[in-house]
Amino acid sequence: MEFDPMSRLIVISNRVSAPKGQSGAQGGLAVAFQAALREYRGIWFGWSGEPTDEFTGQINFQRSEGVTTATVDLEAQDIDEYYNGYANRTLWPLFHYRIDLAEFERGFEDGYQRVNERFADTVRPLIEQDDVVWVQDYHMIPLGHELRKRGCNNRMGFFLHIPWPPRRLLSSLPHAAELVTTLLAYDVIGFHTDEWLEAFRDYVTLDLGATMSEDGTIHLGDRSVKAIACPIGIDTKEFVEAATSTSARLTYRRMRDSADGRDLIVGVDRLDYSKGLEERFLGYERFLVDHPEQRKEVFLLQIAPPSRGEVGSYQRIRATLDALSGRINGAYADIDWVPIRYVNQGFPRHVLAGIYRAARIGLVTPLRDGMNLVAKEYVAAQDPEDPGVLILSRFAGAAEQMKDAVLVNPYSAEEMSDAIVQALAMPKDERIRRWRALMDGIEEKDVLWWRRRFTQELMGDDDSLAV
Ligand code: F6P
């Protein structure tokens with residue numbers, strides 16, 4: 001194709017977050033998009049996160065730190081059926097292998113479809129002839145199809161940030177085939193790992209009857225779609241800088257002072273059942289039971305900002321963790337030591353970076369995760385002369401790349417306990433060797449690499465986007 005240097009990038013996702021500077025707490029994914037959008041003359045479109053009495057499609061434009069955002073408010077019923085409903089009660093648990101938590105309701109499906117149509121109606125007029133459209137995540141699977149119906153012939157890509165489930169699991173979703181078929185409206189579909197990509201290929205070839213050519217292009221009817229594995233990274237350079245900033249140093253000092261010579265084990269996760277927090281607490285308890293001599297030598301700081309609080313399964317995991325952390329602290333604490341510091345709030349990135357740097361162990365043990373950027377941030381924040389050890393779940397997408405972490409089965413409390421012992425005893429030269437290998441990986445495949453890799457596939461040439 002001919003490249004137009006004036007092509008813009010239109011990113012579309014459920015949630016849009018404007019840059020918050022040094023003061024706001026933001027997820028790794030939000031920062032990744034801002035970094036990518038800053039490179040282009042682009043727009044980031046999505047839901048404002050706010051309710052409205054009646055959907056009007058009125059767009060609120062904002063420009064901040066080089067990023068233009070365009071957001072719309074949604075009606076309470078939309079939020080309930082599309083976001084809390086189909087996205088987070090149906091797709092999220094199912095795609096994270098939790099069919100036991102998945103709820104299948106026609107109202108959710110209808111609401112999801114309605115909101116995707118509303119997004120398509122609203123964003124369509126913003127898309128100019130040469131723009132490239134990049135849709136994000138499971139909230140927006142049918143959006144590309146809806147845009148095509150509205151005459152949008154632009155190059156369109158889709159990226160899934162969560163796992164793609166095995167086909168036998170996916171087949172339990174009512175109308176799975178229809179939903180997956182809408183995905184083929186995109187030109188390029190991206191996943192974080194080979195495992196998710198292979199599961200997707202299995203579904204479209206075995207259940208939809210698509211064929212695949214040697215270069216991996218999927219063909220179904222008149223559609224030809226490229227599906228690729230393209231692991232997201234962090235803005236590694238920026239995070240290294242954050243970890244050595246003045247405010248990170250202050251946090252580092254505060255943590256070290258409060259640790260009083262003990263080793264800090266840190267976990268930072270949205271409060272979500274997929275993150276394996278219950279299993280993590282139980283694994284840590286196993287460690288305390290099996291190694292009483294080490295008890296007062298360490299403590300676990302678990303930061304878990306509440307998330308999706310209107311969904312029952314999230315309310316239940318929160319109650320479970322409240323009870324479990326209370327029970328473990330009650331059982332093992334002493335007058336001058338508490339085994340778990342459990343904190344239900346988010347922190348700005350530079351504060352997190354200081355905490356990571358102060359931690360001897362980063363405990364990242366999701367039961368299933370599309371990628372997990374905390375694992376990468378933990379590595380980036382370490383002191384090269386005296387780095388900590390990353391303990392990483394084998395079931396995080398990040399484990400496909402981060403083989404030099406101590407990899408664990410998060411379902412096994414014993415393996416988790418053994419991994420903590422191994423990490424605490426690990427000699428400095430081994431810590432440095434592992435850290436260096438991990439750091440090389442996240443320096444090479446950072447967020448810029450991710451964006452380039454995907455847009456190259458989408459446009460055939462990265463330089464075609466206006467910078
Ligand atoms: O990584 C998956 C994801 O759903 C993102 O799309 C989202 O930004 C993040 O988790 C946080 O979820 P939520 O927007 O539901 O708070």
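Computed from the coordinates by the stated procedures, all read-outs in this text should not be read as laboratory data. Remember, predicted model here, so these are calculated numbers, not experimental data. Counting neighbours? That spans all protein chains shown, and the Cβs are built from the backbone with ideal geometry, glycine included.
Before moving on, here are some points about what is shown:
- Cα-based convex hull, the chain, per residue volume (Å³, whole number): 142 Å³
- Counting DSSP beta bridges with both ends in the chain, the antiparallel % (nearest 5): 20 percent
- Its DSSP H runs of at least 4 residues, each contributing -39,500 (n - 2.57), put the calculated 222 nm mean residue ellipticity of the chain at -11500 deg cm²/dmol, to the nearest 500.
- Considering only Cα atoms, the convex hull volume of the range 210-324 works out to 227 Å³ per residue.
- Listed residue pairs exceeding 29 Å between alpha carbons, taken from LYS275/LYS403; LYS237/LYS296; LYS149/LYS376: LYS237/LYS296; LYS149/LYS376
- Length gained when the stretch ASP334-ARG316 is fully extended (0.36 nm per residue, less Cα-Cα span): 3.6 nm
- Rg over Rh for the range 51-158 works out to 1.00, both radii taken from alpha-carbon positions and Rh defined as the Kirkwood radius.
- Length-normalised contact order of the range 178-267 in % [C-alpha pairs under 8 Å, at least 6 apart]: 27 percent
- Using the Cβ of GLY309 as centre and a radius below 12 Å, the other residues enclosed give a net charge of +2, where K and R count +1 and D and E count -1.
- The range 101-161 - Rg over Rh from alpha carbon coordinates, Kirkwood radius: 1.02
- The chain: relative contact order as a whole-number percent, Cα under 8 Å and 6+ apart: 17 percent
- The per residue volume of the convex hull around the alpha-carbon atoms of the range 160-207 is 73 Å³.
- Three-way shape label, the range 283-390, alpha-carbon gyration tensor, a/c 1.5: oblate
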